[in-house]
Amino acid sequence: MCEFLKIQNYLSNFQPESCKSLSEDMFSKGEYMVSWFVNNLCNFSCSYCGHYKKEHPEVGKFSIEHIVKSFLAFGNTGHIIITGGEPFLFPSFVQLCLGLTKYNYISVNTNLSQKNIIDFSNTIDPERVIMINAGAHFEFRKKNNIALDDFICNYNLLQNKGFNIIASYVVHPEHLNEMEKNIEYLKSLGVTTISAKTFSGIYNDKKYPQAYTADELNRIENYMSGQIDMPDYLKYYKFKGNNCLAGKDFFSIDPAGNVYRCNSDDTFFGNIFNNSFKPSGKTLKCKTDECSCPYQGMIYSSKKRQSIFSKLIK
């Protein structure tokens with residue numbers, strides 16, 4: 001079984017004091033993960049997300065063949081997490097996924113609103129797709145009188161084709177009181193696997209998810225799916241000073257192909273599309289105050305081993 005498929009199992013056993021990162025137990029030498037913001041454009045404009053109404057100027061500049069070949073620069077098999085924007089708006093997105101899954105595994109974050117999802121379901125091997133994270137964006141649809149028909153239809157299509165698909169429901173503080181009702185409604189429409197996600201950002205001058213009350217967090221946790229979210233996600237977001245393999249085995253990539261250490265650290269490692277990408281090749285210390293994606297820190301960070309001498313002088 002591909003170890004990428006068992007990430008959540010490893011995360012459930014995360015030990016913050018470990019001197020060895022989870023990635024060292026999970027993956028073979030040279031296997032990598034990247035978070036690729038494939039585009040900026042999105043046909044939704046949710047209050048808890050960026051309003052992506054303008055596409056990045058570099059999107060569409062390179063051929064699918066060139067992009068697929070560029071990812072070979074990372075070496076061995078990888079897990080490419082494709083997000084955006086709305087990835088299915090990327091030109092020839094299905095062909096892109098077909099090329100990438102020849103050598104790698106992918107995950108896709110999508111709102112399930114595009115018609116080319118049918119082509120995706122008929123073309124891409126479900127065994128090469130770790131997960132499809134389908135954002136229901138219930139509040140946006142309700143506010144703009146957009147029916148859930150396309151979401152339900154595409155969710156069922158992908159599920160019936162054998163894809164591991166999980167619907168996500170972002171619990172914005174403004175709509176917290178509607179959470180249970182809305183999630184149960186989605187379940188009544190056939191969305192069998194749905195996970196509540198905490199909002200990350202500022203609302204009414206309060207920083208979330210830290211501003212949720214204990215009772216609110218308990219309510220959210222009752223609707224979290226272990227396949228995509230977990231309460232531990234809320235506990236660990238400070239890794240500053242820890243050793244971390246981001247920049248060696250994990251990277252964040254923008255639509256232009258620029259490679260950065262991770263979603264929280266903009267240390268630059270070149271560009272995969274112009275062949276200037278050069279990874280660090282070594283473990284680096286985390287230097288960010290807070291990890292914007294704690295899963296990345298949980299997978300790739302580890303505590304520095306203390307020497308016998310340092311223990312004795314305490």
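Which aspartates and glutamates, on any chain, are close to Lys240 with Cα under 14 Å apart, when same-chain ones fewer than 8 places away are left out?
Glu17, Asp265, Asp289, Glu290
Stretched out fully, how many nm does the piece from Ser47 to Asn76 gain, at 0.36 nm a residue minus the Cα gap?
6.6 nm
Looking at the chain as a GNM with Cα springs under 10 Å, which of Pro126, Pro91, Pro255 has the largest mean-square fluctuation?
Pro91
Which whole-number value in Å² is the accessible area per residue of region 44-120, probe 1.4 Å?
Result: 45 Å² per residue.
Contact order normalised by length for the chain, with contacts defined as Cα pairs under 8 Å and 6 or more residues apart; what percent is it?
20
How much of the accessible area of the chain, probe 1.4 Å, is carbon plus sulfur, in whole percent?
The computed percentage sits at 50.
Can you tell me the dipole magnitude for region 87-230 around its Cα centre, using point charges on the Cβ only (Lys, Arg +1; Asp, Glu -1), in Debye to the nearest 20?
Roughly 280 debye for region 87-230.
Per residue of region 265-272, in order, report the coupling 6.51 cos²θ - 1.76 cosθ + 1.60 (Karplus, θ = phi - 60°) as ³J(HN,Hα) in whole Hz, putting x for Gly and Pro.
These are the phi-based 3J(HN,Hα) values: 10, 8, 4, 9, 10, x, 10, 6 Hz.
Using the Cα gyration tensor of the chain, with a ≥ b ≥ c the square roots of its eigenvalues, what is the shape: rounded (a/c below 1.5), prolate (a/b larger than b/c) or oblate (neither)?
Oblate is the answer for the chain, as a/c is 1.5 or above yet b/c matches or exceeds a/b.
About its Cα centre, how strong a charge dipole does the chain have in debye, to the nearest 20, once Lys and Arg get +1 and Asp and Glu get -1 at the Cβ?
Here the size comes out at about 1080 debye.
With each run of n ≥ 4 DSSP H residues scored as -39500 (n - 2.57), what mean residue ellipticity at 222 nm is computed for the chain after dividing by its residue count and rounding to the nearest 500 deg cm²/dmol?
-6500 deg cm²/dmol
With N set to the residue count of region 75-156, report its C-alpha Rg divided by 2.2 N^0.38 Å to two decimal places.
Rounded to two decimals, the normalised Rg is 1.14.
Indicate the gyration tensor shape class of region 250-303 (rounded, prolate or oblate), computed on the Cα atoms with a ≥ b ≥ c the square roots of the eigenvalues: a/c under 1.5 is rounded; otherwise a/b larger than b/c is prolate and the rest oblate.
In terms of gyration-tensor shape, prolate.
Quick one: if you take sqrt(5λ) for each eigenvalue of the C-alpha gyration tensor of region 90-228, what semi-axes come out, biggest first, whole angstrom?
Those come to 29, 16, 14 Å.
Within region 1-148, what is the number of lysine pairs with alpha carbons under 28 Å apart, leaving out pairs fewer than eight places apart on the same chain?
23
If the elastic network links every pair of Cα atoms under 10 Å, which of Ser28, Ser195, Ser252 fluctuates the most in the Gaussian network model of the chain?
Greatest mean-square fluctuation among the candidates belongs to Ser28.
Sorting check: for 40-46, 199-205, 240-246, which peptide has the highest mean count of neighbouring beta carbons within 10 Å, and how do the rest follow?
Top to bottom by mean Cβ count within 10 Å: 240-246, 40-46, 199-205.
If N is the number of residues in region 61-112, what value comes out of its Cα radius of gyration divided by 2.2 N^0.38 Å?
This ratio for region 61-112 stands at 1.09.
The values are calculated or read from the model by the stated rules, or taken from the named source; none is laboratory data. What you see is a predicted model; the values in this text were computed from it and never measured. All Cβ positions, glycine included, derive from the backbone under ideal geometry; neighbour counts span all protein chains shown. Side chains are part of the model used for accessible areas, which takes the heavy atoms of the whole protein and leaves out ligands, DNA and RNA. Shrake-Rupley method; radii C 1.70, N 1.55, O 1.52, S 1.80 Å.
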